[in-house]
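What follows is a single structure, written as structure tokens, with notes after it.
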Amino acid sequence: MHIHTSRSHDPKGGSETPEPVFTSRRKWLLATGAGALAIGGLAWWRWSRGSDDEVIAAGRWNPDSEARLARFYPARSSELFEYGRAETPAAAAARYTNFYEFSQFKWCWKYVGRFQPDPWKLAVDGLCRQPLELDLDDLYQQFAKDLQERQYRHRCVEKWAMAVPWTGIPLAAVLQAADPLPQATHVRFVSFDRPSEAPHRATSDIFPWPYTEGLTLPEAMNDLTFLALGVYGQPLLKQHGAPVRLVVPWKYGYKSAKSIVRIELVGREPATFWNTLNPAAYPFQSNVDPAVPRPWDQSSERLLGSGDVVPTQKYNGYAKWVAGLYS
Ligand SMILES: Nc1nc2c(c(=O)[nH]1)N[C@H]1C(S)=C(S)[C@@H](COP(=O)(O)O)O[C@H]1N2
Ligand SMILES: [Mo]
């Protein structure tokens, strides 16, 4: 025998919607909305994040250019510098970059497609006896004996950090070749300025383009100050500042100008991109220092890749090399 439940004899049937069904439809709509947001969020996350292969492939140059430079890689490795932490995976570093010419967001790899790092010209001029104009081949060939790989920590003022192997030339070697005049006190770095290849540069006029940075001459001549041409044993990915960028590892990341076209010896402290926008948050010197908060705390940093949070060290741990500059 079957036992009939009351449900099959609901006296409230008919056209009017029973209360429980109405409530559950509202829940369903809400759940669907949340689901759509979640799916949209996931799609966006996948879109901006890409796969490891995508973020690296996006930054590569045309194959002929890279093939021409391949003979310079790998460069001899400098034994002088150690990360003191794990190396950041190449894709984690390539995925999360600051490069305002391309985007205000971190997924600059999405926007570097039109950028052409080759051919390139780098001028070294201003207060010097021997101004230089170097194309990429000059830069590699003329400084071949100085070319080396260095393992450096990098600390962004936004509190993320990475540890990557740069290939490059000590900046001092390039400056010495230009033979600075005694009146030269500072060095000014100017990034490329090509709106047709850089979408955020093209569409945002509120920034003081081109991107510029500066160092004192003694800072620029310090052994640590490096002109990078490559990273992870290959020419710099576009989003890391191809084909030539500065690396100043004891200062906050914004001091390390990318995709440089000019290194100018000057007789006073130059204006810089971030200092012009907000001098209080981005003072000219900008050494990494956990004891000096910016508008936000600077005592710790998050490592790209692992997500680990570690304490920030004064001069980013490079006191041995640079503390003498400030005593
Ligand atoms: N031309 C240019 N150089 C730049 C920037 C930039 O937006 N434009 N961002 C700076 C900042 S804030 C940091 S942290 C580093 C980031 O280098 P990475 O993206 O290769 O890690 O580049 C610096 N150099
Ligand atoms: Mo930064």
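The values are calculated or read from the model by the stated rules, or taken from the named source; none is laboratory data. Model, not experiment: these values are computed from the prediction. Using ideal geometry, Cβ is built from the backbone for each residue, glycine included, and neighbour counts are taken over all protein chains shown. Heads up: the accessible areas ignore ligands, DNA and RNA and are worked out on the full protein's heavy atoms, side chains in. Shrake-Rupley method; radii C 1.70, N 1.55, O 1.52, S 1.80 Å.
Key figures
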item: Residue selected from the stretch 94-111 under the condition near ligand 1 (Cβ under 10 Å from one of its atoms) and part of a loop (DSSP other than H, G, I, E, B), by the criterion surrounded by the fewest Cβ atoms within 10 Å (Cβ to Cβ); result: 104
item: Helices (runs of 4 or more DSSP H) lying entirely in the stretch 164-234 (those with 2 or more residues that are open to solvent by less than 20 Å² (accessible area, probe 1.4 Å), hydrophobic (A, V, I, L, M, F, W, C) and over 21 Å from residue 99 (Cα atoms)); result: 171-178
item: Total residues in the stretch 71-92, condition charged (D, E, K, R) and either buried (at least 16 other Cβ atoms within 10 Å of the Cβ) or under 28 Å from residue 106 (Cα atoms) (or both); result: 3
item: The stretch 275-301: number of residues that are outside any loop (DSSP other than H, G, I, E, B), in contact (Cβ under 8 Å) with a residue 60 or more places away in the chain and within 13 Å of ligand 1 (Cβ to nearest atom); result: 2
item: Condition met for residue 289 (at pLDDT 95 or above, within 17 Å of residue 158 (Cα to Cα) and open to solvent by 10 Å² or more (accessible area, probe 1.4 Å)); result: yes
item: Residue list for the stretch 274-327, filter: touching a helix residue (DSSP H, G or I) at 6+ places or on another chain (Cβ under 9 Å) and at positive phi; result: 286, 305, 315
item: Selection status of residue 246, within 12 Å of ligand 1 (Cβ to nearest atom) and open to solvent by 60 Å² or more (accessible area, probe 1.4 Å); result: no
item: Conditions (1) assigned to a helix (DSSP H, G or I); (2) touching a residue at least 24 places away in the same chain (Cβ under 8 Å): number failed by residue 45; result: (2)
item: Matching residues in the stretch 248-264 - criterion: being within 13 Å of ligand 2 (Cβ to nearest atom) and part of a strand (DSSP E or B); result: 251
